[in-house]
1. Suppose the Debye formula is applied to equal point scatterers at every Cα of the stretch 22-88; what is log10 I(q)/I(0) at q = 0.18 Å⁻¹?
2. Any chance you could run the full-extension gain for residue 12 through residue 86? It's 0.36 nm times the residue separation minus the Cα-Cα distance, nm to one decimal.
3. Hey, could you grab the Kirkwood Rh for the stretch 1-123? Inverse mean 1/r over distinct alpha carbon pairs, Å, one decimal.
4. Please give the FRET efficiency for residue 51 paired with residue 102, using the beta carbon to beta carbon distance and R0 = 30 Å, rounded to the nearest 0.05.
5. Between residue 42 and residue 131, what is the label-point separation in nm under the 7 Å Cα-to-beta-carbon projection?
6. How far apart, in nm, are the 7 Å Cα→Cβ label points at residue 33 and residue 20?
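What follows is calculated from the coordinates using simple rules that are stated; it is not laboratory data. This one's a predicted model, so the numbers in the text were calculated from it and none came from an experiment. Every residue, glycine among them, receives a Cβ derived from its backbone with ideal geometry; neighbour counts consider all protein chains shown.
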């Protein structure tokens with residue numbers, strides 16, 4: 001019986017393996033209340049904003065919460081182009097999972113669009129990636145407990161592991177290296193558990 005891929009192998013996979021093609025795209029002149037209906041209809045957490053057929057921005061439920069609802073603005077009178085985030089952060093389909101997570105961490109975002117030759121292929125979500133990593137971890141642990149041979153350390157990752165030896169601490173979730181415990185703590189809070197109220201708990205009110 002074969003176990004799932006280990007975490008190191010998952011991090012080296014191209015992000016195209018994680019693309020969610022269920023994408024909502026709306027013109028910038030549409031209103032926020034229409035975007036909320038579209039999100040609910042498609043079961044997504046954001047809409048891409050277009051202008052003359054080209055994606056020019058993105059609006060998430062968090063944007064709506066902080067830029068519209070918390071300010072007492074009427075979602076039926078606020079246009080998407082007024083609150084969209086632009087330019088849109090994107091990765092190519094051959095970027096690795098680790099590169100994608102690093103980009104999300106750097107820009108403090110939970111989702112990126114995946115593009116190829118100016119075409120939008122879909123979206124990739126941080127939560128989806130970590131769900132896969134979690135399932136892989138559980139699968140590996142179960143296999144080890146049952147006595148199934150498991151490759152705990154990928155031979156191809158030996159050089160990577162040596163590189164990590166110079167780091168003060170390593171993230172237990174995604175194995176990214178950090179120079180201090182403080183930096184690691186901020187990374188885990190921001191990327192793995194949600195950054196307190198602003199990045200985590202409040203967002204869940206819309207999920």
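1. -0.55
2. Details: separation 74, 0.36 × 74 = 26.64 nm, distance 2.86 nm.
Taking residue 12 through residue 86 to full extension adds about 23.8 nm, to one decimal.
3. On the way: mean 1/r = 0.0645 Å⁻¹.
This gives a value of 15.5 Å.
4. Values: r = 30 Å, r/R0 = 0.99.
Computed FRET efficiency for residue 51 and residue 102: 0.50.
5. Roughly 1.7 nm, to one decimal.
6. 2.6
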